[in-house]
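For reference, the structure is listed below as structure tokens.
The values are calculated or read from the model by the stated rules, or taken from the named source; none is laboratory data. Quantities reported herein were computed from a predicted structural model and do not represent experimental measurements. When we count neighbours, we look across all protein chains shown, and the Cβ atoms used for this are built from the backbone with ideal geometry, even at glycine.
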Amino acid sequence: MKKVVLAALSLAIAPFALAQTQGVSDDEILLGTAQDLSGPIVSLSKPVVNGMLMRVEEINAAGGIHGRKLRLVVEDHGYDPKKAVLAAQKMTQRDKIFATVGSIGTPTALAAMPIYEEKSIPHLFPLTGARQMFEPVHRLKYASVAPYYEQMRAAVKYLVKAKGYKKVCTLYQDDDFGLEVMRGGEAALKDLGMQYAERTTYKRGATDFSSQVSKMKTAGCEVVVMGTIVRETVGTMAAARKLGWEPAFVGSNASHFDTIHKLGKALTNGFYAACTANVPYADDPNKAVRDWFSAYKAKYGEDPTIMAAYGYQIISAFAGVAQKAGRNLTVDTLVSTLESYSQPADMFGADELKFSKTSHLGSDRARLCQIQNERWVPVSEYLIQ
């Protein structure tokens, strides 16, 4: 009789315990993401959201995760840290999300992260390569790709050694993102017994780079480390071409977008960037990517970009972890699963993800890619070992 009573109590307590997990109900898992849908990187966030929603629909159509459907709340921060805080507060307090996934931008993610930590909301796989996304180790923070610092440290060292450059300069956005890129290049130069010949910055949202370009040209720069994203990359290269100046330009994976060669056309040929996945094209040699490309275009009426692939990957990664965590999905079971979770390389050529209790970074490796004939191609093996 005593065993029967205990069993009955266990059954009564289990649903109550499950109900205490914010964002998880009997039939739904609620996720949130903060994107730039009205600011300077809207061209990046829009396909991210599309890729996320596409994968959410696929997972739900296949029965969900242990019988639960995924639902994604999308908030706009306009690439403004203050708005990112407001978006985080809304999603955690009003929407009551279980986790935030793939939120975009270094300054915006840094501003919002304390909100998520305070509310015990996992901050997963943000679209930024800032080291603060996984350092110091925190039970709620997990990043999936090599940080900007390590990307640039490896890429700059590789280029300088391969090409014999003597004068390296840097142009970077005057914020946390730009600083990480600049410092990664600086670390590479220090390893080589060198230093920047010139440093110059720009404010977020800038459109004129003529003075910065003139300054670097006067300094005789042979290669420029670019803490830029899309418009700034194209604008800088256009300003350089107008002056008849053609150094090598190298950026992080924050500028590894097909948007760059679509906007800049031939003038962006030769641009290098660290890359953590392949840009998808309609004629991709991988049939799985070609099929995904066609399905995305049929659904959204436009070609997918690598950002759509990132969004798709992020939801796939969450689904893999949640599936392995089991039916009793809580923050504790999710974290426990993540701390020993691995996921093989995917169809987009991304590196294997592997986490542990002491490392909340899924991969610390990147390759070097280059725009050739208005198309991104890998030009190195993995540079970070």
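Summed over the stretch 242-274, the residues that are closer than 15 Å to Thr170 by Cα and not aromatic (Phe, Trp, Tyr) give a count of 8.
Of the residues Ala298, Ala317, Ala345, which is at pLDDT 95 or above and either surrounded by fewer than 19 Cβ atoms within 10 Å (Cβ to Cβ) or in contact with a Pro (Cβ under 8 Å, 6 or more places away or on another chain) (or both)? Break it down stepwise before answering.
On the way: Ala317 fails: either surrounded by fewer than 19 Cβ atoms within 10 Å (Cβ to Cβ) or in contact with a Pro (Cβ under 8 Å, 6 or more places away or on another chain) (or both); Ala345 fails: at pLDDT 95 or above.
Matching residue, one of Ala298, Ala317, Ala345: Ala298.
Give me a count of the residues in the stretch 195-250 that are among the basic types (Lys, Arg) and more than 21 Å from His261 (Cβ to Cβ).
Just the residues of the stretch 195-250 that are among the basic types (Lys, Arg), to begin with: 199, 203-204, 215, 217, 231, 241-242.
Those still in the list that are more than 21 Å from His261 (Cβ to Cβ) too: 199, 203-204, 215, 217.
Number of matching residues: 5.
Inside the stretch 332-359, residues that are touching a residue at least 40 places away in the same chain (Cβ under 8 Å), in contact with a strand residue (DSSP E or B) (Cβ under 8 Å, 6 or more places away or on another chain) and outside any loop (DSSP other than H, G, I, E, B) make up a count of 3.
Quick check on the stretch 175-225: of everything there that is small (Gly, Ala, Ser) and over 27 Å from the mean Cα position of the chain (by Cα), which residue is surrounded by the fewest Cβ atoms within 10 Å (Cβ to Cβ)? It would help to see each step written out before you state the result.
From the stretch 175-225, those small (Gly, Ala, Ser) are 178, 184-185, 187-188, 193, 197, 205-206, 210-211, 214, 219-220; that's our starting set.
Still in the list and also over 27 Å from the mean Cα position of the chain (by Cα): 193, 197, 210-211, 214, 219-220.
On the way: Gly193: 6, Ala197: 17, Ser210: 14, Ser211: 11, Ser214: 15, Ala219: 15, Gly220: 12.
The extreme case among them is Gly193.
Got at least one residue in the stretch 320-327 being crowded, with 22+ Cβ neighbours inside 10 Å and not assigned by TED's automatic domain parsing to the domain that holds Val250? Steps first, answer last, please.
As a first pass, look at the stretch 320-327 and keep what is crowded, with 22+ Cβ neighbours inside 10 Å: 321-322.
Among the residues that remain, those that are also not assigned by TED's automatic domain parsing to the domain that holds Val250 are: 321-322.
Yes.
Among the residues of the stretch 88-110, the ones that are part of a helix (DSSP H, G or I) and either assigned by TED's automatic domain parsing to the domain that holds Ala254 or within 23 Å of Val335 (Cβ to Cβ) (or both) come to 8 in all.
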